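Q: Please see the structure below; I have some questions.
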Amino acid sequence: MPTYTRVRAILRDEERAWFVFSNEHHRETFIERNADESPNDRNDRAIRTAVAWLTKHLKPLGITPVMVTNDEDNLRKASDVAACRMDELLGVYSEHPELPDMMGSVNITDRKSDDVWTGYDEHLSPVQVQAGLKGGLLVQGTLQIAPYNYLEGSVYATLPDGTEQRVLVVGRNDMNRAVQGDKVAVQIWPKAQWRNAPSTALVDEDEDKVPSVTEEPKKDDEGSAKRVRRADGSATKADKLDDPAALDTKLGEPTGHVVGIIRRNWRSYCAFLDPNFTTRNARASNAPTTVSVLAMDRRIPKIKIRTRQADSLAGQRFVVALDSWPRESRYPLGHFVRALGSAGDKATETEVLLLEHDVPFQPFTQRVREDLPAEGAAWTFDAERDQVVSGKRHDLRSLDVCSIDPPGCTDIDDALHATRLPNGNFQVGVHIADVTNFVKPKTAMDTEAAYRSTTVYLVDRRIDMLPELLGTNLCSLMSNVDRLAFSCMWELDNDANIVSAQFHKSVIHSKASLTYDQAQARIDDSAQHDTITTSIRDLNMLAKKLRA
């Protein structure tokens, strides 16, 4: 599913020019499966048929499609089309040594002869998981890893007695290759094995410091991980965590172990090279080397990747993706995706922050920009076009409207006013920028804004939900210009009780864009009695009564 999501994201970016050809739904490329043909062989033949048709179809444009496959049999049968293996294609781009690292081909090798590591438990099949859940033998939920202890997890699940409770999953073996956010099936241990959450924090200490970049921790004859001891012989924090005698078993919480993965939550992770990687021979050459990398998200275990860039990755931040987690490997396997920059660099660390919190920050695409008004910044209010003449929008430009925001605010999305009515009551208005006039439903801009959800403010910049032309100009209720809004108009009595309310589209003309300090100064200055100041004082008085 994560791969599908990434591919769909690439397809949405028109500037990258990726396209889907539905060969299974095209008359010229659909094929029937032969009687003696396996489903896989039929699919391979369908791909070759599609490439052959595309070759003929695109020939007038001087474009030659190339089929890329690592299946030797499929490659041999593709004699009538251009075809190659992935490594052959990457060889064309030898000036980019990082490309082979993106193929993700880590093998479980380099075991010592006396290593008796037997691996994790096999996961149950989906059928077995569903049967266990239905029979009340298993519970399911999302694994949440403690931010201060990467070997302590928990799942909130409905227990067989019908109560919803936290189930502890403690230690790497019981987590059984599940990572933060995975939806898992858990078998609860007997009550005699229930534990309390460990109080020991595991934040900075590496629980198995080994000189080799591929060596796995050993196990003793009983199959449990051998303890890693400090030079003085004392146990490490991870050692204490895996020792049942060191855990408080009195009044323990429900405790269990993961027996199946219902849905993976893998994503791309910002990471850095394991500081313990000091194999000089591997770093001195350009040969592929298996290294361990640490995710910036401390809830994620070490990740093994195969890279030709081990030396250049030292001191860098980069992105990796998970590929698999075989039961024979203590750590998940992944591959290098792209470099970000030097650790400690402001721009690099900012990008890490945005990526880790899934904040979209790419420039708006051309398709989104095409949804902006053709007039650009020269757009002006038009009474007929903007529905004032038809009566669908109210003209409130005569009202003494103002806005009050932090200093330097340019995206003014709300403004307000208060006016005394002849009957002694107050007319109070709150005006919100009418973004819907510029962002139409189901357009590219609407889709992008929904994806971004909000404008994100950083110390040195902001990441807009909408293009700047809208956010800081046409949809900003700046002073001294006509702006479209959606208004709520109340009539309040002197005790701030609501007499009536109206909601409608409007056009306003703000008379002042004030900061908080400027608004407070007007309230405090007894010499000021202009309409804006009087309006602010009335609003302040009514606000105090509403809060009382």
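Computed from the coordinates by the stated procedures, all read-outs in this text should not be read as laboratory data. From a predicted model like this one, the values you see are computed outputs, not experimental measurements. Cβ sites come from the backbone with ideal geometry, for glycine too, and all protein chains shown count toward neighbours.
Q: With a ≥ b ≥ c taken as the square roots of the eigenvalues of the C-alpha gyration tensor of region 366-547, please select rounded if a/c is under 1.5 and otherwise prolate if a/b is larger than b/c or oblate if it is not? Numbers along the way, then the final one.
A: Working: a/c = 2.08, a/b = 1.53, b/c = 1.36.
Taking the square roots of the gyration eigenvalues as a ≥ b ≥ c, region 366-547 is prolate.
Q: A follow-up question, please. Quick one: what are the phi-derived ³J(HN,Hα) couplings along region 7-21, Karplus 6.51/-1.76/1.60 with θ = phi - 60°, whole Hz, x for glycine and proline?
A: 5, 4, 5, 5, 5, 6, 7, 5, 5, 8, 6, 9, 9, 9, 10
Q: Also, quick follow-up: If each residue's Cβ is checked for other Cβ atoms within 10 Å, how do THR455, THR380 rank with the fewest at the top?
A: Placing the least packed residue first, the sequence is THR380, THR455.
Q: Hey, can you rank 319-327, 19-27 by average C-beta count inside 10 Å, highest first?
A: Highest-to-lowest ranking by the protection proxy: 319-327, 19-27.
Q: Considering amide H positions built from the backbone, and no H for Pro or chain starts, which residues 5 or more places from GLN316, or on another chain, come under 5 Å of its amide H?
A: LEU273, ALA343
Q: While we're here: How large, in Å, is region 379-430 by the Kirkwood hydrodynamic radius built from its alpha-carbon pairs?
A: 13.5 Å
Q: Pull up all non-local amide H partners of THR255: gap of 5 or more, or a different chain, and H-to-H distance under 5 Å with H placed in the peptide plane.
A: Excluding prolines and chain starts, which carry no amide H, the hits are LEU168, TRP189, ARG195.
Q: Test of understanding: what is the full-extension gain from SER324 to VAL20, defined as 0.36 nm times their sequence separation minus their Cα-Cα distance?
A: That pair, SER324 and VAL20, stretches by 106.8 nm at full extension.
Q: Moving on. If you take the beta carbon distance between ARG338 and ARG263 as r and set R0 to 25 Å, what does 1/(1 + (r/R0)^6) give as a FRET efficiency, to the nearest 0.05?
A: 0.45
Q: Now for a different question. What's the exposure ranking of ILE31, ILE10, ILE305, going from fewest to most Cβ atoms within 10 Å?
A: Result, fewest neighbours first: ILE10, ILE31, ILE305.
Q: Follow-up question, since we're still on this one. Starting from the Cα gyration tensor of region 274-430, take the square roots of the eigenvalues, sort them a ≥ b ≥ c, and report rounded, prolate or oblate (rounded when a/c is under 1.5, otherwise prolate if a/b is larger than b/c, else oblate).
A: prolate
Q: State the extension gain, in nm to one decimal, for the chain segment bounded by VAL456 and MET541, taking 0.36 nm per residue of separation less the distance between their alpha-carbons.
A: Difference between extended and current length: 27.3 nm.
Q: To the nearest 0.05, what FRET efficiency results for ALA287 and LEU61 with a Förster distance of 45 Å applied to their C-beta separation?
A: With a Förster radius of 45 Å, E is 0.65.
Q: Please identify every one of the GluC sites (Glu not before Pro) in region 60-96 that sits in a loop by DSSP and has no more than 15 other beta carbons within 10 Å of its own beta carbon. Kindly include the intermediate steps, with their values, before the conclusion.
A: Working: sites: GLU72, GLU88, GLU95; in loops: GLU95.
Within region 60-96, the qualifying GluC sites (Glu not before Pro) (loop, at most 15 other Cβ atoms within 10 Å) are GLU95.
Q: Quick one: what do you get for region 268-356 if you divide its Cα Rg by 2.2 N^0.38 Å?
A: With N residues counted in region 268-356, Rg over 2.2 N^0.38 Å equals 1.04.
Q: Can you tell me the order of 342-348, 537-543, 147-153 when each peptide is scored by its average per-residue count of other Cβ atoms within 10 angstrom, highest first?
A: Per-residue Cβ counts within 10 Å, averaged per peptide and sorted highest first, yield 147-153, 537-543, 342-348.
Q: Would you kindly derive the ³J(HN,Hα) couplings of region 120-131 from the backbone phi angles with the Karplus curve 6.51 cos²θ - 1.76 cosθ + 1.60 (θ = phi - 60°), listing them in order in whole Hz, with x for Gly and Pro?
A: 7, 5, 5, 6, 5, 6, x, 5, 5, 4, 5, 5
Q: How far, in nm, would the chain grow between ASP345 and GLU122 when pulled straight, counting 0.36 nm per residue and subtracting the alpha carbon separation?
A: 76.0 nm
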